[in-house]
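*Asks:* Quick one: the structure is below, and I'll ask about it shortly.
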Amino acid sequence: MAEKFDVVALGELLIDFTENGVSNQGNGLFEACPGGAPCNVLAMLRKLSKSCAFVGKVGDDMFGILLQHTILEAGINADHLIMDPKIPTTLAFVKTFANGDRDFSFYRKPGADMMLTEGELPLDTIANTRIFHFGTLSMTHEGVRKATEKAVATAKEGGALISFDPNLRPPLWENLEDAREAIAWGLAQCDILKIADNELEFMTGETDFCKGAAILHQKYPNIKILNVTAGADGSYSFYGEDAPVFVPSCKLGGVIETTGAGDTFCASVLNFVLENGIACLTPEDREAMLRFANTAAYIVTTRKGAIRSMPERSEVEVLLAAN
């Protein structure tokens, strides 16, 4: 039988090239930061001492080798990371604005992460995890979409909780209706949802978080924990018929960029579920969950990159105790 992991994630693993000043010649400098939302989530979970495995594909090139070494260094199981000999590793160039928000330019036509197929899935590993996590970047093209759908079905059959983060990236879709359809499918599958404010509006037309969450809960009663991240404002947790819980973000200054913040939040929530379960959560439980997740996410915004910027549990706890 395959080793049982706390969390298995499937999807993109890529290089985020982030702005890092200007050379003596006046050329823009970019730092090659290992990233990709699913592995960012796993990297934070490893900081919280949870066992994790990644399923995906990178190019058999200098960037793919760097990514392989990086996730192994982070303690993530890489047995099911496939090195594609023909298609290069996906690259993203990230422009950071003064408030820490970002704009992305992707080099992915094609990228290796798009090439994962159903036949390459480690079904025993996926069937034997406590939580399976995915997003929509593994649903932008037919082959990898079928692999994602097969993986989710396999995890559900094995009794895993399903975690979903839409992680909407409009430039990667031929049209946004395809993105909407993929997100709707993910919403119909998951037990735990992390959704950003812009994604909630994209799917419901609502800027009011309570109204938007109510629409999703009515349409997708399978969602047990529905968390909405609202950037610098904070986050909300919706849980069945219970009143929503809101926790403001940490505002201690020093924000450099927001890359990986949502993934850190997501990982912290999954860690809470692994340690406390998903049933009968009180408002106090959810407040504690959001406080930890917000604090961990804040720490990541004060650093560059994602996988290598995840905080230790002790760092989060020190900030929590001080605020």
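The values are calculated or read from the model by the stated rules, or taken from the named source; none is laboratory data. It should be emphasised that the depicted structure is a prediction, and the values quoted were computed from it without experimental measurement. We place every Cβ from the backbone using ideal geometry, glycine too, and count neighbours over all the protein chains shown.
*Asks:* Among (1) surrounded by 19 or more Cβ atoms within 10 Å (Cβ to Cβ); (2) closer than 27 Å to Gly56 by Cβ; (3) in contact with an Asp or Glu (Cβ under 6 Å, 6 or more places away or on another chain), there is one condition Gly212 misses while meeting the rest; what is its number?
*Replies:* Going through (1) surrounded by 19 or more Cβ atoms within 10 Å (Cβ to Cβ); (2) closer than 27 Å to Gly56 by Cβ; (3) in contact with an Asp or Glu (Cβ under 6 Å, 6 or more places away or on another chain) one by one, Gly212 breaks only (2).
*Asks:* Shifting gears a bit: Yes or no: the stretch 3-11 includes at least one residue that is over 18 Å from the mean Cα position of the chain (by Cα) and within 22 Å of Ile126 (Cβ to Cβ). Show your work before the answer.
*Replies:* Within the stretch 3-11, the subset over 18 Å from the mean Cα position of the chain (by Cα) is 3-4.
Within this subset, residues satisfying the condition of being within 22 Å of Ile126 (Cβ to Cβ) are 3-4.
Yes, there is a match, as at least one residue in the stretch 3-11 is over 18 Å from the mean Cα position of the chain (by Cα) and within 22 Å of Ile126 (Cβ to Cβ).
*Asks:* Determine if the stretch 201-214 includes at least one residue that is more than 17 Å from the chain's Cα centre (by Cα) and in contact (Cβ under 8 Å) with a residue 40 or more places away in the chain. Working first, answer last.
*Replies:* Kept after step one, since they are more than 17 Å from the chain's Cα centre (by Cα), are these residues of the stretch 201-214: 201-214.
From what is left, the residues that are in contact (Cβ under 8 Å) with a residue 40 or more places away in the chain are none.
Taking every residue of the stretch 201-214 in turn, none turns out to be more than 17 Å from the chain's Cα centre (by Cα) and in contact (Cβ under 8 Å) with a residue 40 or more places away in the chain.
*Asks:* When the residues of the stretch 135-145 are narrowed to those that are among the β-branched types (Val, Ile, Thr) and assigned to a loop (DSSP other than H, G, I, E, B), which ends up surrounded by the most Cβ atoms within 10 Å (Cβ to Cβ)?
*Replies:* Of all residues in the stretch 135-145, those among the β-branched types (Val, Ile, Thr) come to 136, 140, 144.
Then drop every residue that is not assigned to a loop (DSSP other than H, G, I, E, B), which leaves 136, 140.
Numbers: Thr136: 27, Thr140: 20.
Out of the qualifying residues, it is Thr136.
*Asks:* Does the stretch 250-258 contain any residue that is at pLDDT below 95, surrounded by 22 or more Cβ atoms within 10 Å (Cβ to Cβ) and touching a strand residue (DSSP E or B) at 6+ places or on another chain (Cβ under 6 Å)?
*Replies:* So far as the stretch 250-258 goes, yes, one or more of its residues are at pLDDT below 95, surrounded by 22 or more Cβ atoms within 10 Å (Cβ to Cβ) and touching a strand residue (DSSP E or B) at 6+ places or on another chain (Cβ under 6 Å).
*Asks:* Under 6 Å between Cβ atoms, at least 6 apart or on separate chains: pull out the pairs that start in the stretch 298-315 with a residue that is within 17 Å of Ile15 (Cβ to Cβ) and end on any residue that is among the β-branched types (Val, Ile, Thr).
*Replies:* Close Cβ pairs satisfying both conditions: Lys304/Thr18; Ala306/Thr259; Ile307/Thr70; Ser309/Val300.
*Asks:* Counting only residues that are at pLDDT 80 or above, out of contact with any helix residue (DSSP H, G or I) (no Cβ under 8 Å at 6 or more places or on another chain) and in a loop (DSSP other than H, G, I, E, B), how many does the stretch 77-102 have?
*Replies:* The qualifying residues number 2.
*Asks:* Moving to a separate point now. Restricting attention to the stretch 158-183, and to residues there that are polar (S, T, N, Q) and within 12 Å of the chain's Cα centre (by Cα), which single residue is farthest from Met114 (Cα to Cα)?
*Replies:* Taking the stretch 158-183 and keeping what is polar (S, T, N, Q), we get 163, 167, 175.
Applying the additional criterion that residues be within 12 Å of the chain's Cα centre (by Cα) yields 163, 167.
Working: Ser163: 20, Asn167: 16 Å.
The selected residue is Ser163.
*Asks:* Listed residues Lys57, Lys50, Lys86; which is surrounded by fewer than 19 Cβ atoms within 10 Å (Cβ to Cβ) and not acidic (Asp, Glu)?
*Replies:* Sole residue among the options that is surrounded by fewer than 19 Cβ atoms within 10 Å (Cβ to Cβ) and not acidic (Asp, Glu): Lys86.
*Asks:* Check whether at least one residue in the stretch 112-123 is of a type outside the set (S, T, N, Q), over 18 Å from Ala151 (Cβ atoms), surrounded by 15 or more Cβ atoms within 10 Å (Cβ to Cβ) and modelled with pLDDT of 95 or more, and report yes or no. Outline the logic, then answer.
*Replies:* From the stretch 112-123, those of a type outside the set (S, T, N, Q) are 112-116, 118-123; that's our starting set.
Adding the requirement that they be over 18 Å from Ala151 (Cβ atoms) leaves none.
Looking through the stretch 112-123, none of the residues is of a type outside the set (S, T, N, Q), over 18 Å from Ala151 (Cβ atoms), surrounded by 15 or more Cβ atoms within 10 Å (Cβ to Cβ) and modelled with pLDDT of 95 or more.
*Asks:* Let me ask something additional. Would you check if there is a residue in the stretch 14-22 being more than 16 Å from the chain's Cα centre (by Cα), crowded, with 23+ Cβ neighbours inside 10 Å and within 26 Å of Ala232 (Cα to Cα)?
*Replies:* Yes, that holds for at least one residue.
*Asks:* Take the stretch 224-233 and flag every residue that is under 16 Å from Pro244 (Cα atoms) and part of a helix (DSSP H, G or I).
*Replies:* Quick first cut of the stretch 224-233, residues under 16 Å from Pro244 (Cα atoms) only: 224-230, 233.
Scanning the stretch 224-233 gives a single hit, Asp233.
*Asks:* Could you grab the pairs with beta carbons closer than 6 Å, sequence gap of 6+ or different chains, first residue in the stretch 258-286 and farther than 15 Å from Phe164 by Cα, second one of a type in the set (A, V, I, L, M, F, W, C) and assigned to a helix (DSSP H, G or I)?
*Replies:* Gly260/Val300; Ala261/Ala297; Ala261/Val300; Phe272/Met289
*Asks:* So Asp103 fits all but one of (1) over 20 Å from the mean Cα position of the chain (by Cα); (2) surrounded by fewer than 16 Cβ atoms within 10 Å (Cβ to Cβ); (3) not small (Gly, Ala, Ser); what number is the exception?
*Replies:* The single condition Asp103 does not satisfy is (1).
*Asks:* Restricting to the stretch 3-47, count the residues that are farther than 15 Å from Ile131 by Cα, assigned to a loop (DSSP other than H, G, I, E, B) and touching a residue at least 12 places away in the same chain (Cβ under 8 Å).
*Replies:* Residues meeting the conditions: 3.
*Asks:* Continuing with the same structure: Only one residue in Lys57, Lys50 is assigned to a loop (DSSP other than H, G, I, E, B) and within 18 Å of the chain's Cα centre (by Cα). Which one?
*Replies:* Details: Lys57 fails: assigned to a loop (DSSP other than H, G, I, E, B).
It is Lys50.
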